[in-house]
Each structure stands twice: as structure tokens, then as C-alpha cells.
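The values are calculated or read from the model by the stated rules, or taken from the named source; none is laboratory data. This is a predicted model, so every value here is computed, not measured. Every residue, glycine as well, gets a Cβ built from its backbone with ideal geometry; the counts of neighbours run over all protein chains shown. We work out accessible area using only protein heavy atoms, side chains counted, and drop any ligands, DNA or RNA first. Shrake-Rupley method; radii C 1.70, N 1.55, O 1.52, S 1.80 Å.
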4 protein chains.
Amino acid sequence: MDYQSIIENIYQEVLQNENQGAVASYIPELAKVNPDQFGVCLQTLDNAEYGIGDWQTKFSIQSISKVLSLSLAYKLVGGELWERVGVEPSGNAFNSLVQLETDNGIPRNPLINAGAMVICDFLISHTQDAKAEFLNFIRKICANSQIDYSESIANSEKSVGYLNIALCNFLKSFGNIKNDPEEVLEFYFHMCSIEMTCQELTRTFMFLANDEFRTPEGEKVLGIKQAIRINAIMQNCGFYDESGDFSFRVGLPGKSGVGGGILALHPNKYCIAVWSPKLNAKGNSSRGMQFLELFTNRTSSSIF
Amino acid sequence: MDYQSIIENIYQEVLQNENQGAVASYIPELAKVNPDQFGVCLQTLDNAEYGIGDWQTKFSIQSISKVLSLSLAYKLVGGELWERVGVEPSGNAFNSLVQLETDNGIPRNPLINAGAMVICDFLISHTQDAKAEFLNFIRKICANSQIDYSESIANSEKSVGYLNIALCNFLKSFGNIKNDPEEVLEFYFHMCSIEMTCQELTRTFMFLANDEFRTPEGEKVLGIKQAIRINAIMQNCGFYDESGDFSFRVGLPGKSGVGGGILALHPNKYCIAVWSPKLNAKGNSSRGMQFLELFTNRTSSSIF
Amino acid sequence: MDYQSIIENIYQEVLQNENQGAVASYIPELAKVNPDQFGVCLQTLDNAEYGIGDWQTKFSIQSISKVLSLSLAYKLVGGELWERVGVEPSGNAFNSLVQLETDNGIPRNPLINAGAMVICDFLISHTQDAKAEFLNFIRKICANSQIDYSESIANSEKSVGYLNIALCNFLKSFGNIKNDPEEVLEFYFHMCSIEMTCQELTRTFMFLANDEFRTPEGEKVLGIKQAIRINAIMQNCGFYDESGDFSFRVGLPGKSGVGGGILALHPNKYCIAVWSPKLNAKGNSSRGMQFLELFTNRTSSSIF
Amino acid sequence: MDYQSIIENIYQEVLQNENQGAVASYIPELAKVNPDQFGVCLQTLDNAEYGIGDWQTKFSIQSISKVLSLSLAYKLVGGELWERVGVEPSGNAFNSLVQLETDNGIPRNPLINAGAMVICDFLISHTQDAKAEFLNFIRKICANSQIDYSESIANSEKSVGYLNIALCNFLKSFGNIKNDPEEVLEFYFHMCSIEMTCQELTRTFMFLANDEFRTPEGEKVLGIKQAIRINAIMQNCGFYDESGDFSFRVGLPGKSGVGGGILALHPNKYCIAVWSPKLNAKGNSSRGMQFLELFTNRTSSSIF
């Protein structure tokens, strides 16, 4: 399949539509991004790489990072995770406190904010220095020592992070945060501030698409069964209140972030990252959604 | 792959565990079933069929039937369906009225009771005789003119169906039922009363697993894109409040019914039906869940 | 105090404001009423009666009737009522199903629709002919054999009563309706269809304001403790989601109906009925609310 | 009426029942209190004072203090308060976040935690030093310069106050807290830590029972209309999820605290304070509820 011309055609097609939606504005630093940037990177199982547009520009991957912290925690902690966080879609906005109240402080899944905080809490308990070890984990998978947190994004999010402070303290009130909420939030805001390019994103996520994936040091990131399960969670919970619609229209496991990035993958076929900052009403990249729907249609590569 | 010995081994293994859970008792007629029955049927894309246990015994397929009514409605009505019913997982018990109140009478998806009622309402509006045409649709796909409603099950469910009467009238109060609620409920209770064997179930559902499927008359049931979308909906919404867990542990699109049946499929590989009447706390067949988890693990055939 | 001139002054004052709000339109028959009618009747403990405007015109008292069915049930059944219905304000719209789901089918109080249906169910169980005995109960208190149900209103409400049908069947699904839901609804729709004038309303409700009240036959309607408790329930639950505001601005126990009537009373002082069909956003008579706020302010007769 | 012997008789009667319930344990410092303490003080409009048991022992008045902060804010700010906090009963537990989510950050009333935090925020905005001015306000009304905060209680509550931290930050995320959440919480925890005896409580609250009340300096605390409205709010919202039941059984405006205190009053008749630390399931003093129910029954002094 001529992937390069396929992604170029779709890219041009999407570009011709009006660039709808709005850049996430609740984090001051994110609001400064140029809304017309648009990049795509596709990497197949044979390590062929296809890129177009701003595919080598760094952006804030935000919630996409939650899949990586989940992967590290699953590696370090194992199935014990599921005693404190569920694997069910939320059926609610990503930061709803209602569900926590109904479910006695057990977040529905690890990809909504509350669940990702519980995962951060696990990482703090199971590492010497969660911030350093998490960064190191990503750098090794991506084979790229330049990946880093953005202090300005982390601080910007912290300065207006009242809802997240509320969530974390609410979890603590149920006993489902074991460390100091401030320490958990400090790590959480950094975890979400990771910056990558589309190219770096696809490289980083190949361990979930390729059963044979190993780091340059020859290390396996996760066992196959664990990777399968993380893909299953992405499928059901990766797009907040639009997870069903993403399955319905695109048909791939994936995860979006409010920075406008979307990472999706077809097990044993490819990893694809799309980035465009303007978000639709559900908080997912408008152009990203359009691109991916056209892509799985043209390539007949929905998993269903 | 030696499917026959694989399903026999898993069958024996599951049999050795205690038969946990409870038969659905809220419908008097369902409560009469022998709880120790247990059957499995697997059909692959090359039409090879493998069966074990009570795989040729009829049982009440209940909610599994909702996928069939959805398929017929999608065929007859097209994308207009999605104006009156969503494609998002519910995050709630299958018969919750809360969500309808929050969402102004738009059910989250067509596989929860409220959504299936809206689909019934569509079918009544788009057919001369919904009951007859729906049955005919199934008989043609399954190539089996013996498939039928169970009047005793339909009547039994109606006699205690207060919650469903409430749901249907609640939908009507939002204007999302166009016909008389009593007529919709009459069809709905019949739709859920269809009886099949595991063998008949796998035969019936092959049109969602096999892109080339045609009825004996040579008719295509759904276009590929439509079939993909119904599989995506099953993946996200097929197991009520346990949909995420089914994805996580089994990794296939599927649908369960309170009669103890589960139908699952791997696109372009196979269809599998398991039946055992005792249900777990979430309302899905206990043995069915165990069997399928072992099956996709042994055959490495999760879609993820 | 010169009550006649007080109510005349306030009446003129309210008349000069725009007649805001909208007549209840969800019941076809109610929508036909002339929206500019406006009547007030005040009756004091010494049986002095003061009226102005359309105070002798019949209107549909609707939910005000729930206080009367509650009174009869309390008389016949006693404290056992409170095992199946609460005495707490609802904090929700008058017909919310959410709360029933959370509270396992126990309505928050007897003045919301669900609670009034449970009371109707009690009356059916404790009488030979609930409809006849309830009407007889009111006629005796009011000393007026002309009080009657409106068959056209009852039928009109039934024809569009999907939400009430949903509520009643939902209660039945929790086991909190003992009789046939259709029978309960038949009585419920009639119970709400009673027609009275403002004058008849104040006469009817004097048994809750006057400890010494007796029917012409010399019968006591309720014991003092029971009457006190019904007043307490009206205070907390009489105005749906505006109960707190009514306490705050008017400061009397009372009950409103979607027909535009409001009945309020000051224990040991007076009963007052106001009627004007246009409702505010919370479903209470706009002019009624204005009138009563001015009235308790001018007469310094809030109970607080 | 011989109030002294009435309260003595009821006191003995209540003492003979088992001392049921449990001392509030979520605040470590509160859990240390001797659970068998029990005091009552009644003050009538003619300034006669009747006391029994531990009526002159200090205890933590906790949420009762919210009526005082509301009173000061109403005095300083006026009706503008009601733009940011409602006057409706909550129909939910006192610290529920669900309702805030539904109501976009507007607390249902000023006597639940969230509402009291908004009031604290108002006080910070309208004073130089909210902590000092609030204390001074109480000391002047009570004519007692010994009234004080308990630093140990305030710190104890702060050390485990995750739920309140969550609430305050959640309010801030809706923009309904104008100052720094930490500053608001600091004041809030102090405001709730005030200690008084039953005697001091009744003296302090006479300004809500007596229209003619003035401080020793001759100052009026609130206008009559304002006092009436605060009484109305206490009636509807003073006992969390048991407000309706308190109206139903006792029939007085009042307010409880988790320290085991209850303050209630009959406008133009009396103020009464009861204190016993063991709480019932709804978080209100068990013996306090019993005592007050017997008291209004014996003295026929329900307001209804």
C-alpha cells in the first residue's frame, strides 16, 4: 500500500475543510499555540515511517501520556492496579466528580483524570523518584534522550488546576490516594506536560502495536497479554465521552490529548499520530478525528 | 489450529469449576431453565463448525437479539438512526433511567433496553408488520425457517415488565418514541423472546464476521462499513456495565443476554456462541465469560 | 387588621405588573384556560371571609389535591405511611425519576408525583372505592356536595401522561405500588382533576389552620399532631424545587398546583388561596407568588 | 409554663434511654470528647434562662456557626449573596459534590459545606480580617469576650479535610470562590471551630428569635426581614438530609453541628440549645433530636 500518497491525499482533503473547533484555553500556556499546525506520522511494523505537515514539531501530548504512565505502573505493579481503578468506560465527561461519589472513590478507568492520578500515586509508591523514572522509561522506549517535561506547561496547568486539585483531594478523602495529594498533583501535572513530535509519538507507542518490540537495549516493555489489555482500555476509554464514536467511525484503539494530539494503532500493523490543536466539543482534535476516519476507511484497516 | 480439541479442553476445564452465579429470576419463565446446561459452538470463516455440550439446545437469546434488530433497522433506515440513539457506552446498569433524564431521552446506545426500544420504534415505523418482518429477516440470514418467538417467554416478561414499561413511557415523554408505547413494548418483548441454539446463533451472526457473507438467496445483509460499525458498538456496549472488562479479558466484539447466552466474533476469523444460564453479578453468563477468556488466550485471537 | 383593603391593594398592585410566565401546556385541557383570571380568598380563624377578583370561579386545583389525599391516607393508615414515602424535600424537579433510582423506589415526600402515587396506592388498599371515598371526604370537609372531579381534565392528563405512567411503573418495579399500576394511575389522574374556587379551597383547608375545626357533622378531620405534621411537610415540600424560596420570601406552609392555584396557611390565623394560571419557570403561579410575598410582608405574618 | 420542670423531666426521660449513635470520628480532635455529656439551655423572650446537665460546658459548635457567618455576611453584603448561593434544601448529604456539578457550582444553600465556603469567601472580600471580625461579631452579640476559636480543632479538621479541600477547589473551578482557596479554607476551618456552652449558644441566637434584640451597645444585629429569612433557611436546610424529618417531628427552625449541638428557636418565644455528642445516622445529635421532639410536643410549641 502506498501509505505516503494516502496520507498526503487525506491531509490535503482535510486541509481544505474549515479548521473548526477551538484550542484548549483553560490552560493559559496551551492557548498560545498556533492553531493552524497540522502534522501526521505513520509507522508500520516493518519500521517504515511516513510523515506530512508539522510531523516533526513538538507539542504537549497531555493525556496521551496517561497511557505511558499506565504502562509503567502495570509493568511495576501488575494486576493489583485493578483493585483501585476500573477498566470500564466512564460515560461521563473526563473530569466528572459525580462518578467517583457513586463508585466510592474508584475511578472508572485509568485514562480519565481521576484514574490517572491513582496511577501516579502507584508510581510514587513504587519508585524512588517517580518524575525521573517515568521520564527515563519514555526515553528508553523512544530511544531518545531529548524527550522532556515542559516546566512552563506544568506550572501553567498547576496555576489553574482547581478541578484537578479537587479530584485528587476527593480521591484522598476516599482513601484511594496513599501519598500526599500535593505530591501526586505535582507529578500528575508534569506527567501531562511531556512534549513530543508526531514522529516521536509513533516511535514511542510501537511497543503496543508490535508484539516483537524491544528497546535498543533489547528490553521488552510489556508482556503481550499486558499490551493487549492496554489496547483494550484505549479502545473503550481513550476518547472521554466520544470513545464510542471513535470506535464507530475510526475503529482503532487510541488516545487523545487536549493539546490536539491523537495516537492510534492497529495491532500488528501500524502506529499513527495526528496533531492539530483545535478541539471539537468533546475535547478531541477536530482535524485528527477527520483524518483518522478517512484513513481507516481508505485503508480498510478498522480492527472490526 | 485444532479448534475441536481446544474447545473441548476449555469446556472440561470450565466444567470442573463450581457453577457459580444465579439464573435470571426476574422473568418467571426464564427461572425454570436447568442451570447446568452448557454449550459452545464455533464457526470459522471457511464454514467449519465445532460444537460441544448443549450446543444444539434452544434457549432464550434475549438481548443478543438486539444486535439483530439493530442490523435490520440500520439496513432499512440508515444513519438517521443515530439522531435518536447514541453509540457511547452507558457506564450504568442496562436499565437505568437516570441517564435518559440527563440526556433528554436519547439512549446512550442501541444495546441497552432504552436504545433497543427506540430501534423497535423505528422498525414499527419502517415496516408493515415489524414482528413478522423481523422474524423473516433472521430466518433468511440463518437459512432456517424454524427460528421463532417464544410466546410464553414474551408473555412472562410482559407480566413483570414494569421497568420496561416505565422506560418506554419515559422515552415517549421525551418524544423519542413515535408509535404507541404499548405497541412498541409488545414488539420489544417478542424481539427478546427469540429462541436459538448455539449453532443457530453462530450461523446467524456470520454476516458480521465475514465480509463475503450472503444469504442462500445471494443477498448481502449489510454493507461492510455498516457491519464494522455494528461490531464497534458491540465492542463498546455489548456487556452492559462489564463491557470494558469483556474487552479487557476477552478482547472481542460480542453481546450477552440474560438467558445466559454470549455471542462473540473475530472479524474475518470466526463466530462463537457460548451458553450457560447462571449469570455473574453484572448479568453476564459466568461460564460464558470464563470460556471466552480462556479461548482468546489459548488461540491468541483477541482483536487487540 | 383591615384584610379586605389589604388584599385589594395588593391585588391592584400585582395586576399592574406584566402578567408573566406561561400557562401549563403539557395537559391539553389546562392550556385552554383564560390566562388573565386572577382571584384571591382569605379566611380567618373567626370564619371571616375576604375575596377579590375571580375568587368564585372554578379551576383545576391539580397538585394542591395531594395534600387532601395525604390527609385522608394519614387518617386511615397512620404512621405506617412513612415506611413507603419520606418527608424530606426533593431537591429535584417534581417528576424526577433519578431520585427514585437512588432511593430504591421510596419517594422523597408525598407531595411530589411519585409520592402522591404511593399515597393513592394506600388509599386503594384501604377503601372500598377510593375515588368515591376521596370525593366524599372533601365534600364533607368543605360542606359542599358540588365539589367534583373533572372527567375532561382527567382524560386529557391521561392521554399525555407518559411520564406519570413511567413513574408509576417504575415504583411498581421496586415493589412500592401494591395494586395494578393502571388502577393507581386512574385514581391519581382523577385525584388531580378536582375543581374548586378559591373560596372553596380556603374553606376546605381550614382543618389544617384551626385546631378546633370540625365538619358540619361535628367530626374532627385530623388530630392536632397529624395536622402539624402535614403543615411541616407542606412547608418543606410544597413548591417543588422552589420550596426553599417560598419559605424564604413568603414564610408559610403551602402547596401549589400547575393549574395556577396556591393554597397557604398560617396556623391559628388564616387560610389563603390565590389563583392565576400563568406559571413561573419552577411551575408555580407567578402572580400567586407575588401576591403572597406582599401579603405576609404587609401583614407581618410569616411564621418565622 | 414551668419550663424548668419541663426540661428536667424530659432530660431524665431521655437519659433513661440508651445513649445511641456515635461520636463524629472523622475529625480526630472531636473523637476525644466524653460521649455521655448532655446539656440543655432554654432562654425565653423575657430573658429568663433555664438550664440542666452540662449546659455550661464548652463544646465545638461546628456547623451551627454557619448561621452566624451567614448572618454577618447578610448584614455586610445584603441580597447579593443569593446570586452565588441558593436557598433550597439540598436533598443530599451535606458534603455532596454531585449537586455542585449539576448546578454549575452554585451551592443549594448556605448551610451545607459548599455554601458556607462561598459565605466565607464573601466575608474575606468584605472585611479587612475575616477571622477577627467574625469573632468580634459573635462576642458582641453574646456580650462575651471569652468566645474563641479552638486552634486544635481547626488544625485537626484541616489535617484530614480532604473532602473540604476538594469542595473548595471545585467551587473555585466554577469561579464561585473569588479568593485563594487556601485562604478560604483557613477561615472556614476556624469558623467551624468556635466553642460555646449551651448557655452561650442561646444567648447568641436570641437576635433571631426576638425582634427587639439589641447588643449591649444598643445595636440591632439584623433587620426583621433578614432575620425571618435566616429562620426560613434554617427551617428548610438546617439538618442536612434530615431537615424534613426535623420539621416533621420537632417543627422549629434550627441548626445542628457534628459536635453534637443543636440550636433551635421559636420566633417571638424562645431559643433552645441541646448538646450531646453521639450522632444518629444522618449526623445529628441523637439525644438532641429526642429532647427537642419531646419538648415541642409537651409545650405545644411547634411553629406549625
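Within region A:277-297, how many residues are within 12 Å of chain B (Cβ to nearest Cβ) and either open to solvent by 50 Å² or more (accessible area, probe 1.4 Å) or touching a Lys or Arg at 6+ places or on another chain (Cβ under 6 Å) (or both)?
Step one: of region A:277-297, the residues within 12 Å of chain B (Cβ to nearest Cβ) are A:282, A:293, A:296-297.
When the remaining residues are screened for being either open to solvent by 50 Å² or more (accessible area, probe 1.4 Å) or touching a Lys or Arg at 6+ places or on another chain (Cβ under 6 Å) (or both), the result is A:282, A:293, A:297.
Adding up the residues that qualify gives 3.
With a cut-off of at least 1 residues that are more than 26 Å from B:I230 (Cα to Cα), name the helices (runs of 4 or more DSSP H) lying wholly within region B:124-210.
Values: elements: B:130-142, B:151-159, B:162-173, B:181-191, B:198-209.
Fully inside region B:124-210 and qualifying: B:151-159, B:162-173, B:181-191.
Can you tell me which residues in region D:190-209 are touching a helix residue (DSSP H, G or I) at 6+ places or on another chain (Cβ under 9 Å) and either open to solvent by 10 Å² or more (accessible area, probe 1.4 Å) or within 14 Å of chain A (Cβ to nearest Cβ) (or both)?
D:E195, D:E200, D:R203, D:F207
Name, by its number, the condition in (1) open to solvent by less than 30 Å² (accessible area, probe 1.4 Å); (2) within 14 Å of chain D (Cβ to nearest Cβ); (3) part of a loop (DSSP other than H, G, I, E, B); (4) of a type in the set (A, V, I, L, M) that does not hold for C:I27.
Of everything listed in (1) open to solvent by less than 30 Å² (accessible area, probe 1.4 Å); (2) within 14 Å of chain D (Cβ to nearest Cβ); (3) part of a loop (DSSP other than H, G, I, E, B); (4) of a type in the set (A, V, I, L, M), C:I27 misses just condition (2).
Which members of region D:78-104 meet the condition of being closer than 21 Å to D:I230 by Cα, assigned to a helix (DSSP H, G or I) and open to solvent by less than 20 Å² (accessible area, probe 1.4 Å)?
Within region D:78-104, D:G78, D:L81 qualify.
Taking into account only those residues within region A:125-154 that are without any contact (Cβ under 8 Å) to a residue 40 or more places away in the chain and over 17 Å from the mean Cα position of the chain (by Cα), which is most open to solvent (accessible area, probe 1.4 Å)?
Among residues in region A:125-154 that are without any contact (Cβ under 8 Å) to a residue 40 or more places away in the chain and over 17 Å from the mean Cα position of the chain (by Cα), the one most open to solvent (accessible area, probe 1.4 Å) is A:Q128.
Do you know which residues across region D:210-219 are touching a residue at least 24 places away in the same chain (Cβ under 8 Å) and either loosely packed, with under 12 Cβ neighbours inside 10 Å or touching a Gly at 6+ places or on another chain (Cβ under 9 Å) (or both)? Before the answer, list the steps.
First, pick out the residues of region D:210-219 that are touching a residue at least 24 places away in the same chain (Cβ under 8 Å): D:210-211, D:215-217, D:219.
Listed by number, the residues that qualify are D:P216, D:E217, D:E219.
Could you pull out the residue among B:L222, B:L185 that is closer than 30 Å to C:L185 by Cβ and open to solvent by less than 50 Å² (accessible area, probe 1.4 Å)?
Result of the check over B:L222, B:L185: B:L185.
Name the one entry in A:L42, A:L72 that is buried (at least 23 other Cβ atoms within 10 Å of the Cβ) and touching a Cys at 6+ places or on another chain (Cβ under 9 Å). Reasoning before the result, please.
On the way: A:L72 fails: touching a Cys at 6+ places or on another chain (Cβ under 9 Å).
None of the other options fit; the residue is A:L42.
Taking region D:167-182 as the region of interest, how many residues are touching a residue at least 40 places away in the same chain (Cβ under 8 Å) and open to solvent by 30 Å² or more (accessible area, probe 1.4 Å)?
The initial filter retains those residues of region D:167-182 that are touching a residue at least 40 places away in the same chain (Cβ under 8 Å), namely D:167-168, D:170-171, D:173-179.
Next cut, open to solvent by 30 Å² or more (accessible area, probe 1.4 Å) only: D:173-175, D:178-179.
Final tally of qualifying residues: 5.
Looking only at residues that are over 20 Å from A:G115 (Cβ atoms) and more than 7 Å from chain B (Cβ to nearest Cβ) in region A:235-252, which one is most open to solvent (accessible area, probe 1.4 Å)?
First, pick out the residues of region A:235-252 that are over 20 Å from A:G115 (Cβ atoms): A:245, A:248-252.
Now narrow it down to the ones that are more than 7 Å from chain B (Cβ to nearest Cβ): A:249-250, A:252.
Details: A:R249: 74, A:V250: 5, A:L252: 1 Å².
Looking at the filtered set, the residue picked out is A:R249.
Restricting attention to region B:211-234, and to residues there that are charged (D, E, K, R) and assigned to a loop (DSSP other than H, G, I, E, B), which single residue is farthest from the other protein chains (Cβ to nearest Cβ)? Walk me through it before giving the result.
Step one: of region B:211-234, the residues charged (D, E, K, R) are B:211-212, B:214, B:217, B:219-220, B:225, B:229.
This time we only want the ones that are assigned to a loop (DSSP other than H, G, I, E, B), so: B:211-212, B:214, B:217, B:219-220.
On the way: B:D211: 9, B:E212: 14, B:R214: 19, B:E217: 26, B:E219: 22, B:K220: 17 Å.
My answer is B:E217.
Taking A:F248 as meeting all but one of (1) within 17 Å of A:P89 (Cβ to Cβ); (2) in contact with a helix residue (DSSP H, G or I) (Cβ under 9 Å, 6 or more places away or on another chain); (3) in contact (Cβ under 8 Å) with a residue 12 or more places away in the chain, write down the number of the exception.
For A:F248, the failing item is (3).
Working only within region B:125-151, note down all residues that are in contact with a Ser or Thr (Cβ under 8 Å, 6 or more places away or on another chain) and among the hydroxyl-bearing types (S, T, Y).
Selection gives B:Y149, B:S150.
Results for (1) out of contact with any Leu (no Cβ under 9 Å at 6 or more places or on another chain); (2) free of Cβ contacts under 8 Å to residues at least 12 places away in the same chain, shown as yes or no for each residue.
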{"position": "D:E8", "(1), (2)": "yes, no"}
{"position": "D:S25", "(1), (2)": "yes, yes"}
{"position": "D:D36", "(1), (2)": "yes, no"}
{"position": "D:Q43", "(1), (2)": "yes, no"}
{"position": "D:F59", "(1), (2)": "yes, no"}
{"position": "D:S63", "(1), (2)": "no, no"}
{"position": "D:S69", "(1), (2)": "no, no"}
{"position": "D:V87", "(1), (2)": "yes, no"}
{"position": "D:G105", "(1), (2)": "no, no"}
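Where residues in region D:283-302 are free of Cβ contacts under 8 Å to residues at least 60 places away in the same chain and of a type in the set (A, V, I, L, M), which of them is nearest to D:A209 (Cα to Cα)?
The residue in question is D:L292.
Working only within region B:280-293, note down all residues that are farther than 16 Å from B:E18 by Cβ and part of a helix (DSSP H, G or I).
First, pick out the residues of region B:280-293 that are farther than 16 Å from B:E18 by Cβ: B:282-284, B:292-293.
Hits for region B:280-293 are B:L292, B:E293.
Filter region D:253-267 down to residues that are within 10 Å of chain C (Cβ to nearest Cβ) and in a loop (DSSP other than H, G, I, E, B), then give me how many there are.
2
Can you tell me how many residues in region C:61-114 are farther than 17 Å from D:G244 by Cβ, small (G, A, S) and within 7 Å of another protein chain (Cβ to nearest Cβ)?
So the answer is 0.
Going residue by residue through region D:236-246, is there one that turns out to be assigned to a helix (DSSP H, G or I), of a type outside the set (D, E) and over 16 Å from the mean Cα position of the chain (by Cα)?
Quick first cut of region D:236-246, residues assigned to a helix (DSSP H, G or I) only: D:236-237, D:240-246.
In the following step, the residues that additionally are of a type outside the set (D, E) were identified as D:236-237, D:240, D:243-244, D:246.
Of the ones still in play, those that are also over 16 Å from the mean Cα position of the chain (by Cα) are D:244.
Yes: one or more hits.
Residue-wise test of (1) under 24 Å from B:N236 (Cα atoms); (2) modelled with pLDDT under 95; (3) within 20 Å of the chain's Cα centre (by Cα).
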| residue | (1), (2), (3) |
| --- | --- |
| B:I7 | no, no, no |
| B:S25 | no, yes, yes |
| B:K32 | no, yes, no |
| B:Y50 | no, no, no |
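Kindly evaluate C:S286 against the criterion of being more than 19 Å from C:A227 (Cα to Cα) and modelled with pLDDT of 95 or more.
On the way: more than 19 Å from C:A227 (Cα to Cα): yes; modelled with pLDDT of 95 or more: yes.
It is true that C:S286 is more than 19 Å from C:A227 (Cα to Cα) and modelled with pLDDT of 95 or more.
When residues of region D:161-180 are filtered for being within 10 Å of chain A (Cβ to nearest Cβ) and out of contact with any Leu (no Cβ under 8 Å at 6 or more places or on another chain), how many remain?
Total satisfying the criteria: 4.
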